[in-house]
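The values are calculated or read from the model by the stated rules, or taken from the named source; none is laboratory data. Just so we're clear, the structure is a prediction, and the values are computed from it rather than from any experiment. No Cβ is skipped: glycine too gets one built from the backbone with ideal geometry, and neighbour counts run over all protein chains shown. Keep in mind that these areas ignore ligands, DNA and RNA; they rest on the heavy atoms of the full protein, side chains included. Shrake-Rupley method; radii C 1.70, N 1.55, O 1.52, S 1.80 Å.
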Amino acid sequence: MCPPPTIRAHTRVRPYLMTIDDKVRKTLAELGVTDAKGVESLFAEVRAAMEKERQELVSKGVASEAERDKLCKALRDRWLARKNGLISFLDENWLKKAAKEIKPVVGRQFNELRKMGANLDRGALMEAIPLASGRTHEAAGVIRAGSSLQAMATVDVTLPGYRRPLGSIHPITRVQREIEDIFLGLGFAIETGPEVETVYYNFDALNIPETHPARDDWDTLYVDSDTVLRTHTSPVQIRSMEKYGAPLYVIIPGKCYRHDNPDSSHSPMFHQIEGLAIDTDITFADLKGTLDFFAKKFFGEKVRTRFSPTFFPFTEPSGEVSISCVICDGKGCRTCKESGWLEVMGCGMVHPEVLRYGGIDPAKYSGWAFGLGIERYAMMKYDIHDIQLFYQSDVRFLEQF
Ligand SMILES: [Zn+2]
């Protein structure tokens, strides 16, 4: 390779007309560089020149091993030779003669440049340069890049590389999977259903006739008079009964929708998990035992459960499950509103009408069901006080999980 033409200046040459070869033979003071900014831009120029020469050699391709050896050695010597290499001049004229105030920055920049000089080691260069018979990856890339070659030649390889941040699992998904795992371990299967649902599956088949006041309990989003965005995951109970019959052990996770204004505890879209067990000899004792086991698995072994009566149209009898407060252990605190208990789900024995709608004979089979909100579990588990945080896609929030 031909070294760039060297101007043997006898007279003062303006710095922008000078080549790198000229500049390294002068001191920083002679070049008019007196501050850190000037030092940095001067070194950036040197690094760009070094990389440009390296790229030119790499993209050139050589016919023989001997030629490659010769070219690599020439470029290496030009920059790195102990005597009369460009970096040796730079050491002598810039670093050693630098004014005291800028010496630290010159030292740092010089070290960086020396590190980058490793790219010109013969081994590294030989690997990057193609022989006519077979191309190395880097050279092939350069040739493919074609017109962008010029751009690549001025890439500042000392800039930090692109950081590829690791993703993490969304807290809702994480909690959903945790709950699923507990029930999978008990022999339940996971079942899903449509989010755009018919009024029949969302209400009628769950024993909530049109005239029933309970329909008002759900602020429903209607698509048309026969179609809704499902207000709960319960329609999949009916769909599963129709699909599999009895006995049946399923859990049903998924998104649900209600006409709620978003605030710190409400969202028009949220997640539920529904559980359903149907068999020949299912009793309320099975329901209590299973949900107590689940609560201890999820919240910790010392958690106690409490069942209190309530009303749901699709279960009879119906109950609400509370657990002893996980924050204060039942003593009373802000989270449990001084009651010592946290409501965590609704449950009950499947209403005979609902079994009938699912095509299962209530004289032969009985079952229990429960439903819980995944957001609420995630909020309790991670001590989150605003449900909206789950949906804002704010990395600062999400990367904590
Ligand atoms: Zn408490």
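Summing charges over all other residues whose Cβ lies under 11 Å from the Cβ of GLU112, with Lys and Arg as +1 and Asp and Glu as -1, gives +2. Rolling a 1.4 Å probe over the heavy atoms of the protein chains gives the range 151-310 an accessible area of 53 Å² per residue. A Förster distance of 41 Å, applied to the separation of the beta-carbon atoms of ASP281 and GLU178, puts the FRET efficiency at 0.85. Subtracting the Cα-Cα distance of HIS212 and ILE169 from their residue separation scaled by 0.36 nm leaves 11.4 nm. Near the amide H of THR310, within less than 5 Å, lie the amide hydrogens of SER318, GLY319, GLU320, all on another chain or at least 5 residues away, with H placed in the peptide plane.
Computed over Cα pairs, the Kirkwood radius of the chain leads via Stokes-Einstein (1.306 mPa s, 10 °C) to a diffusion coefficient of 57 µm² per second. Computed from backbone phi with θ = phi - 60° and the Karplus coefficients 6.51, -1.76 and 1.60, the 3J(HN,Hα) list for the range 200-205 is 4, 6, 6, 10, 3, 5 Hz; x is used for glycine and proline. Taking the C-alpha atoms only, the angle from helix 65-80 to the longest principal axis of the chain is near 80 degrees.
Pairs from the list LYS297/LYS331; LYS73/LYS100; LYS37/LYS60; LYS26/LYS73; LYS255/LYS288; LYS60/LYS97 with a Cα-Cα gap above 31 Å: LYS73/LYS100; LYS37/LYS60; LYS60/LYS97.
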